[in-house]
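The values are calculated or read from the model by the stated rules, or taken from the named source; none is laboratory data. Quantities reported herein were computed from a predicted structural model and do not represent experimental measurements. Here the Cβ positions follow ideal geometry from the backbone for every residue, glycine too, while neighbour counts run over all protein chains shown. Surface accessibility is based on the protein's heavy atoms, side chains included, excluding ligands, DNA and RNA. Shrake-Rupley method; radii C 1.70, N 1.55, O 1.52, S 1.80 Å.
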Amino acid sequence: NSTAARQMAGRVSDFYFSNGKDFDGVREQLADVNAVAAENHRRVGFGLNGFMIVRDTEKEARDTLREIVANANVAQVEGFRQAVQQAGASTGDKKGMWAESSFEDLVQYNDGFKTQLIGTAEQVAERLVEYKKLGVDLSLLCFLHVKEEVEQFGAKVLPLVREMEADLPDAEPA
C-alpha cells in the first residue's frame, strides 16, 4: 500500500488492511504504520490478505497453484494489471498496491499468493503464526473451492494454529 495510505492509517484508522505480502513486506508496512500510530498515541490493527492452498503434500499444493495460474484468463489479468499498476507507480515514491505485482500475483487480485499460505496444513499453520508474531491481527483468506476448503481450514489448519498460538506470550487465540 502507498506511503500516504500507511501514514493515514497510523493517524486515523482502527485497522489497516494490506494486500498479500511476504514477511519482509509485512514488516515494512507494520513499521511504517506503527511509527505514525505511536506518534499519535494510537494502536492500529493489521489485516493481511492471503490465498490459502492446503493439500496433503507441498508438491500437491504447489501444483494446484501452477494450475490456477495456468488456467487464468490472460486477457482479464493483463487488463487488471493495466488498470491498477499505474496506481502504485503514480505515487511520489512509486510505492503502492500492485506496483510490483507479477502476472502470478495478479491472478489473485489482492496479491494473496504473496503470503505463501501454500503447502500442508502444518506448513500453512506455521506461516499464519509467523505472520501473527510479526503483528498481523487478522488474516483475510481466499480459497479456490470455498465450501470445501473453509471446512478443511476449520478442521485441519485452525486447530494447529490455536495449538501453536498457545505457546506465544500474551497469545490471543485465532
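One residue alone among 51, 15, 46, 23 is open to solvent by 60 Å² or more (accessible area, probe 1.4 Å) and of a type in the set (Phe, Trp, Tyr), and that residue is 15. Inspect all residues belonging to the range 110-121 and state whether any of them is free of Cβ contacts under 8 Å to residues at least 60 places away in the same chain and out of contact with any strand residue (DSSP E or B) (no Cβ under 6 Å at 6 or more places or on another chain). No, the range 110-121 contains no residue that is free of Cβ contacts under 8 Å to residues at least 60 places away in the same chain and out of contact with any strand residue (DSSP E or B) (no Cβ under 6 Å at 6 or more places or on another chain). Looking across the range 122-174, the residues that are under 19 Å from residue 65 (Cα atoms), open to solvent by less than 50 Å² (accessible area, probe 1.4 Å) and assigned to a helix (DSSP H, G or I) come down to 124, 125, 128, 149, 152, 153, 157. As a summary of the residue check, residue 116 satisfies the conditions (1) out of contact with any helix residue (DSSP H, G or I) (no Cβ under 8 Å at 6 or more places or on another chain); (2) at positive phi except for the one numbered (1). Residue count for the range 104-121, restricted to those that are open to solvent by 50 Å² or more (accessible area, probe 1.4 Å) and either of a type outside the set (S, T, N, Q) or at pLDDT below 90 (or both): 3.
Pairing each residue of the range 1-28 that is closer than 17 Å to residue 118 by Cβ with any residue that is open to solvent by 30 Å² or more (accessible area, probe 1.4 Å) and in a loop (DSSP other than H, G, I, E, B), provided the two are 6+ apart or on different chains, yields C-beta distances under 7 Å for 19/97; 19/110; 20/110; 22/116. Taking the range 54-79 as the range and being among the hydrophobic types (A, V, I, L, M, F, W, C) and open to solvent by less than 60 Å² (accessible area, probe 1.4 Å) as the test, the residues that pass are 54, 61, 65, 68, 69, 72, 77.
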